[in-house]
Amino acid sequence: VKDDGAKRTILNSIVGTLDISIRNLHHGESFPGVSYNTFFSI
């Protein structure tokens, strides 16, 4: 049970980081459009 909680916490922090990165993309940060689209095609 503890391992599941740790994994969930790690996943949440990764998702949060991705969310911040994606928001930065929308604000015009330079980032390859291909990589951005690849995230959502998986």
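For V34, the conditions (1) in a helix (DSSP H, G or I); (2) surrounded by fewer than 10 Cβ atoms within 10 Å (Cβ to Cβ); (3) at pLDDT 55 or above are fulfilled apart from (3). The numbered conditions (1) surrounded by 10 or more Cβ atoms within 10 Å (Cβ to Cβ); (2) modelled with pLDDT under 70; (3) hydroxyl-bearing (S, T, Y) are all true for S41 except (1).
The values are calculated or read from the model by the stated rules, or taken from the named source; none is laboratory data. Every value quoted in this text rests on a predicted model; they were computed, and no experiment measured them. When we count neighbours, we look across all protein chains shown, and the Cβ atoms used for this are built from the backbone with ideal geometry, even at glycine.
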